[in-house]
């Protein structure tokens, strides 16, 4: 397989896309938001159980490509028990990693498991797939009612 | 010897490919395999040269100047109109209106013919297989007028249910608007029968021919359709140019759409008299170079011959229809008996977007997504499909490359 493809479809990515973690509506969820990518028809709903400023539980449901599903799955795993501010900061770093690549300021190694998404920057058409769950998360955190869109 | 000449020419695909400069390249280090002609087709050298020649030698505005260049530009532009007329066998050149593309053609009909004819409670019939461009303009009209959009269903193979369609055409139906060939599934609809059904009830029919003209010989008089719309860029011509054919009587009674230069006979602040057909619908400086390029594309297609093109594509379609399902987990979506060379498919649980990315790295260009036909995707119960669409410049090797690429996709997701 070509090396960029291997960078994009790392084993962990394939694993998370096939067996997404937290693929559910958490009990007691009190926030949710829908995200769509009109170009490919992907749809995702992110659910939060927010207690004050802390994400006590997080889950997602929907249909999408391997990249968006893996990104959503890894996102939910990374954000449990994190604060709103921590979630926002992590989104910024993930966005920099997948859209700017090595020229950006973010060292993927510092992002833990999310580093497996670092191959996305070589596929500009797929950046939106990776960020859709995060945009949806932000809408859920902000309590925005209307579905967010990548467009 | 005479009999020999009457045998329809076989298409020499290797020679044809030499006419398409863009096909002679590598993508990601692999020879380009272009399987996205239903999105837009590639352009032969003769079209590119003709557009350049026009700008280098004749460029000036049409229908205005007394000077030599304007006369030449006007002749070339009107010459292109005549080529289009012959290509679809319209009765008159003034029934050919140049527009930006199929979308604009349909909007023109909706905003003029539709707006003057459709009243509250009236109905417009479309099919579940329409492209968004043959849904949304009618929805906008229905919204404005309080009219109702009725949708003809299909079976699971992608064949229209004609009896159901016929039942939808009632006393309140003001128009039947449907694609000639489905862009997402390739189904060729029995439009002649549908037109007969509608005309028995005095209902006019608009055909969206965007996906038909690159593959089938179209004769608007023999079909009897009232409007026929298509795009130049899917017919091996430039982007930005398209055609609306309309029967004279209908075009005559339609009000103008956009106001401006060229669409008028005389203007005073008290009253403006509109120009005759087709100029009534061509406000402003048109896409002159685009029209001339489209004329060159029609020359090219006509020289190859639609029968030869059809035979070649039919062979490719049969070959691909047999080869693709041999890839484990692959399911063809859209298996109507009468089909153009469009192959929509799903591959196990792999999302079409991922298929598209992996194939791209193999130099293979396909379309993935909802193909601007979200209601159809909903009917099929899928969010998206992968679609390979073939043109006469494709060959069996391209299908083989696609099959090999799909095996790579399976490896990645093994």
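Nothing in this text is a laboratory measurement; each read-out follows from the coordinates by a stated rule. In this text the structure is predicted, and so the values were computed from the model without any measurement. Don't worry about glycine lacking a Cβ; one is built from the backbone with ideal geometry, like all the others, and counts go over all protein chains shown.
Per-residue shielding of A:112-121, expressed as the average number of other chain Cβ atoms within 10 Å of the residue Cβ, stands at 0.
Using Cα pairs under 8 angstrom and six or more residues apart, how large is the relative contact order of chain B, in percent? List each step's numbers first, then the result.
Details: 805 pairs, mean separation 94.9, N = 414.
Across chain B, relative contact order equals 23 percent.
Using C-alpha pairs under 8 Å with a sequence gap of at least 6, the mean separation divided by the residue count of chain A gives a relative contact order of 31 percent.
Residue by residue through B:348-355, how many Cβ atoms from other chains fall within 10 Å of the Cβ on average?
Numbers: counts 0, 3, 4, 12, 3, 13, 12, 1.
The mean count of partner-chain Cβ atoms within 10 Å per residue comes to 6.
Fully extending the segment from residue B:143 to residue B:349, taken as 0.36 nm per residue of separation minus the present Cα-Cα distance, adds 70.3 nm.
Mind checking Rg over Rh on chain A, alpha carbons, Kirkwood formula for Rh?
On the way: Rg = 14.3 Å, Rh = 15.1 Å.
Reported Rg/Rh, Kirkwood definition of Rh: 0.94.
Neighbouring Cβ atoms from other chains, within 10 Å of the Cβ of residues in A:3-16, number 2 on average.
Give the calculated FRET efficiency between residue A:6 and residue B:379 to the nearest 0.05, with a Förster radius of 41 Å applied to their Cβ-Cβ distance.
My answer for the efficiency is 0.65.
Model label points for residue B:157 and residue B:66, set 7 angstrom from Cα along the Cα-to-Cβ axis, are 6.6 nm apart. Between residue B:86 and residue B:55, the distance separating the two model label sites (each 7 Å from Cα on the Cα→Cβ line) works out to 2.7 nm.
For segment B:306-400, what is the relative contact order in percent, using Cα pairs closer than 8 Å and at least 6 residues apart in sequence?
On the way: 112 pairs, mean separation 31.1, N = 95.
Reported relative contact order: 33 percent.
Most tightly packed first, judged by the mean number of other beta-carbon atoms within 10 Å of their residues, the peptides B:230-238, A:111-119 read B:230-238, A:111-119.
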